[in-house]
Amino acid sequence: MRKFIAIAIALTAVFTACRQPLSAPPTGTGLVRISIDGISSQARTIFPAKPDVSALYYTYSFTKGGTAKTPVENGGVYTLETGNDWAVTVDAYLEAGHINQVGTSGAVPFTVTDSAAVQDIGVTIAPRAMGTGTLTYTIAYPDGLATADVTLVNVDTTPFTLAAGSSSGGTITITDVDAPAPAGYYDLKVALEDSLGRTAGKTDVVHVYDNMLTEIPGADWTFTTADFTATLITAASVTGLSGISTATGETPAPTGSLTPGAAGYTVLQDNWQVKTGAPDTWTNFTGSVFKPLAEYRRLIVLRAVSGHKFSGAITPGVDGGTASAGTISADVAMNELTFTVTFPATAGGIAKVPDPGFTWVDTTHTLTATAGAAIAPGQSITITLTDLPSPGYGSDIVWSLNGADVQTGGLTYTFDSAGKNPGVYAVGIRVKKDGWWYDSETTVTLAKAALVLDGYTGATVTVNYISRAADTGLLVGDGGIVLLPSAVSENEIIKSVQLGSNTHLIGRKASGAIKLKSNAAGALSFRDPDGGYTPIGSYAEFQLINTASGRAAGTKYKQEADLDLLGDTVPPTVWTTIGDYYNRFLGEFDGGGYTIDNMRITGSANYVGLFGYVDASGTINNVHIGPGSSVAGNQVVGSIVGHSEGIITACSNAGSVTSTGSYTGGVTGNSYGTMKACFNTGTVSGSEYIGGVAGYNRGTIIACYNTGAVSGMNATGGVVGRNVSGSIIACYNTGAVNRSIGSNTAFGGVSGDNDNTGTIIACYWKDVPGDYATLGVSNAAGTISVEKFGKDAWPTAATDTGATYTTAWKADTVGDGTGGYWKNPLRTYNASYYPRLWWE
């Protein structure tokens, strides 16, 4: 077997050629011998020991003044012309014939004298970080960990693929022998966490060199349960902050020079920051000096070293300024402590200009934009400097935004809202006179929201919010835009808008632009289609669908934002179900992946849900009902659809669904069409035919799941209550299945009842202790293939080679669900892991 040679730190071997008696060199020449001092280290960690330099083969290339020379050689001694412009390059090889190069010296300059003695020119060989080397490794850690990540990534972020690990005796071992690897530097990281949240791990740098062996010895990378301890750090501090000032014109103290106050952690990050917005927005400061009217702080991040963790809330100690309470965030292998240090400024807590003794600065610098000027998203405003005396003033002008310079020169500055977050912005100007800078400032408020009206020409608009009184007297401005400056605060829901004598429910957070189309009197109508779909962005627009023309075949709608259907208001707003048995929805509704929350439906009606009855031509896609929703009715009740004969795809429900009668499901009450890639996490209850996803099925349900609690009196199942001549394929349930007061017939983990013509294929269920589902299907007629969750319970190519494996349980590889329904379902069962759909 070929002997492998590797490299290490502090190599000192010296190669010396065989020597023979030498005579004095001719006049004008000298004698030179090349001595190999060793093979150098290029980084801090190299495995394992150095190669024997005497076992290598070398070539020597001489130049004088940049011209190649071939000197006379006698027993390793070269006769060279005297002079100081000589250089030699030495290349080292593993094998004779100069095969498999392992290093080079580069050009080493030297001077030749006419001394009779032989001059020794020392040369150090540097290993080659190119080509391909050989890597061996052994990494071991306890089996059954909550988290076990092992990565070996090249500095150019190209991963090196580790061989698969094997389990034996409770230990996972990852090993490979003589694995070829591109030469270069690698980051090796092992990050482990046990079930108690304790961590262990190690990070290091691995170097692979051309034609050499790099070994990661198992003794250094074997972890046991004893390693899952950490020295707790209860106090932390840094020094190097004393004497720092943030006065205007001063240069920021250098970053990266802080010293940890104790062992166990290092300084990971150290940045100056400047306050750039209200109420507390900061960005990294890159200027050369501190600016006037700006606040500064130091952002510091400490990282615990291997074997240490920060414990609890820590207020770090500093030798200057005032430190904030630390925030501790952890990954698997180490913790990080982040805190800020603020400093006393020259005046009023912020850096200000020195007072030059003049008074004109307050009377001659006037900004025409008044404090509190507001604009909407997408708008801009121009600010002008006026009343500037002449001559000699205004030749040096600098405009700033939140303390950062944005424009040099000019008497005007245009504040553009593009790319900016809502909030209050400080616009400042500095003018230089007689060597002094004078400043003035105003503010611009960028509103969080705007109401964009198409067609309404009334004088005022009234806006009502859930949590406060109405904002009245808001004038309709240019382009029908109404600013909502009071909507800047977070979590404010616009309840309604009054246009003339018409009040329209909105149900939107006050963020972004809310668009409505109305006539001059304020009556609402659909906006123009966008990409073939009529946009739905408010409660009132959604209810416009509930007409004969709105429900008609060929209509297409798309939700454009999260909606709040106001079911938690006082008194609550009750949603009117769109369509029923006699007025069916025949169009297409795409929820756009947005959420519909706080939908409240009460009473004892039939065909109840967001939509009551979807006909065979109807489709519902990407609709998601939030946890604040509650739906109640008599029969045929679902969160999204009461009765569906169309297609439902990629929908979910997290709210509660309740009926006093039958045919009730988390997503739909009756499913007579096709339902794909949907799930329910909310509670579902009723009398008979009660299911987590659908109460009653005569269609096809593929790749759906339920995790919510389901309860009924008869024919109650985790996925479907009763399956009649329908198909349930590749679905699962982990929610409890319980009985209401009364009967206790037909309770199943997947389906309570399956008729003779029903089919259930490759479905799974969790046996929840104490619930009423003791079988996957209780009344098990028809065709049934149901498994209880357990080790190796997922379908595999070996156990299911038919259409179910290749389609219904296939992982999506395209990214849009066309390649499969799931993310990565086909794996060994783990009680903490259940499949998720491609769109989640």
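A few comments on the model shown:
- Exactly one residue out of Asp564, Asp530 is under 27 Å from Gln379 (Cβ atoms), among the acidic types (Asp, Glu), surrounded by fewer than 19 Cβ atoms within 10 Å (Cβ to Cβ) and touching a residue at least 24 places away in the same chain (Cβ under 8 Å), and it is Asp530.
Here's the yes/no breakdown for (1) more than 26 Å from Glu688 (Cβ to Cβ); (2) free of Cβ contacts under 8 Å to residues at least 24 places away in the same chain; (3) in contact with a Ser or Thr (Cβ under 7 Å, 6 or more places away or on another chain):
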| residue | (1), (2), (3) |
| --- | --- |
| Lys556 | yes, no, yes |
| Thr577 | no, no, no |
| Phe589 | yes, no, no |
| Gly592 | yes, no, no |
| Thr602 | no, no, no |
| His624 | yes, no, yes |
| Ser630 | no, no, yes |
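Let's see how each residue does on (1) closer than 19 Å to Lys766 by Cα; (2) modelled with pLDDT of 95 or more; (3) crowded, with 24+ Cβ neighbours inside 10 Å:
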residue	(1), (2), (3)
Asn670	no, yes, yes
Thr683	yes, yes, no
Val710	yes, yes, yes
Asn733	yes, yes, yes
Gly742	no, no, no
Ala746	yes, no, yes
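- Selection within the range 583-623: residues that are within 22 Å of Tyr533 (Cα to Cα) and among the β-branched types (Val, Ile, Thr). The member of this set that is most open to solvent (accessible area, probe 1.4 Å) is Thr595.
- Per-region count, the range 547-561, residues buried (at least 17 other Cβ atoms within 10 Å of the Cβ), of a type in the set (S, T, N, Q) and closer than 20 Å to Ala616 by Cβ: 1
- Test: residue in the range 134-148 that is at pLDDT 85 or above, in a strand (DSSP E or B), polar (S, T, N, Q) and open to solvent by 70 Å² or more (accessible area, probe 1.4 Å): no
- Of all residues in the range 395-432 being on the phi > 0 side of the Ramachandran plot and over 38 Å from the mean Cα position of the chain (by Cα), the one that is most open to solvent (accessible area, probe 1.4 Å): Gly410
- Residues that are open to solvent by less than 30 Å² (accessible area, probe 1.4 Å) and either closer than 17 Å to Thr569 by Cα or touching a Pro at 6+ places or on another chain (Cβ under 9 Å) (or both), drawn from the range 624-639: Gly626, Ser629, Val631
- Counted residues, the range 313-330 - those being open to solvent by 50 Å² or more (accessible area, probe 1.4 Å) and either β-branched (Val, Ile, Thr) or more than 15 Å from Thr199 (Cα to Cα) (or both): 7
- Against the conditions (1) closer than 21 Å to Gly817 by Cα; (2) touching an Asp or Glu at 6+ places or on another chain (Cβ under 7 Å); (3) open to solvent by 20 Å² or more (accessible area, probe 1.4 Å), Phe679 satisfies every one except (2).
- Checking the stated criteria, Ile34 turns out not to satisfy the condition of being part of a loop (DSSP other than H, G, I, E, B) and either surrounded by 14 or more Cβ atoms within 10 Å (Cβ to Cβ) or at pLDDT 80 or above (or both).
- Looking at Pro217, Pro260, just one residue is surrounded by fewer than 16 Cβ atoms within 10 Å (Cβ to Cβ) and more than 28 Å from the chain's Cα centre (by Cα), and that residue is Pro217.
- Restricting the range 452-510 to residues that are more than 16 Å from Ala376 (Cβ to Cβ), assigned to a loop (DSSP other than H, G, I, E, B) and of a type in the set (Val, Ile, Thr), the residue that is modelled with the lowest pLDDT: Ile466
- Within the span defined as the range 263-273, one or more residues are crowded, with 18+ Cβ neighbours inside 10 Å, of a type in the set (Phe, Trp, Tyr) and more than 30 Å from Lys420 (Cβ to Cβ).
- Qualifying strands (runs of 3 or more DSSP E) (wholly inside the range 648-759; at least 1 residues being within 22 Å of Asn606 (Cβ to Cβ) and not β-branched (Val, Ile, Thr)): 656-659, 662-665, 668-671, 674-676, 688-691, 694-697, 710-712, 714-717, 720-723, 745-754
- Scanning the range 406-439 for residues that are of a type outside the set (Phe, Trp, Tyr), modelled with pLDDT of 85 or more, closer than 30 Å to Ser511 by Cβ and outside any loop (DSSP other than H, G, I, E, B) yields a count of 6.
- Selection from the range 236-254 of residues that are open to solvent by 30 Å² or more (accessible area, probe 1.4 Å) and outside any loop (DSSP other than H, G, I, E, B): Ser237, Thr239
- Matching residues, the range 177-197, being surrounded by 16 or more Cβ atoms within 10 Å (Cβ to Cβ) and not in a strand (DSSP E or B): Ala183, Asp194
- For the range 62-80, the tally of residues that are closer than 14 Å to Thr29 by Cβ, part of a strand (DSSP E or B) and not hydroxyl-bearing (Ser, Thr, Tyr) stands at 8.
- The residues of the range 149-182 that are aliphatic (A, V, I, L, M) and modelled with pLDDT of 80 or more, listed by number, are Val150, Leu152, Val153, Leu162, Ala163, Ala164, Ile172, Ile174, Val177, Ala179, Ala181.
- Residue in the range 87-100 that is exposed (fewer than 15 other Cβ atoms within 10 Å of the Cβ), in a strand (DSSP E or B) and among the hydroxyl-bearing types (Ser, Thr, Tyr) present: no
- In this structure, Gly691 qualifies as in contact (Cβ under 8 Å) with a residue 60 or more places away in the chain and closer than 14 Å to Asn653 by Cα.
- Among the candidates Val482, Val570, Val497, residue that is open to solvent by 50 Å² or more (accessible area, probe 1.4 Å) and more than 30 Å from Val614 (Cα to Cα): Val570
- Some residue of the range 167-174 being of a type in the set (Ser, Thr, Tyr), closer than 22 Å to Phe228 by Cβ and in contact with a Phe, Trp or Tyr (Cβ under 8 Å, 6 or more places away or on another chain): yes
The values are calculated or read from the model by the stated rules, or taken from the named source; none is laboratory data. The structure displayed is predicted, hence computed values, not measured ones. Note: ideal-geometry Cβ built from the backbone for every residue, glycine included; neighbour counts use all protein chains shown. Note: areas computed on protein heavy atoms with side chains; ligands, DNA, RNA excluded. Shrake-Rupley method; radii C 1.70, N 1.55, O 1.52, S 1.80 Å.
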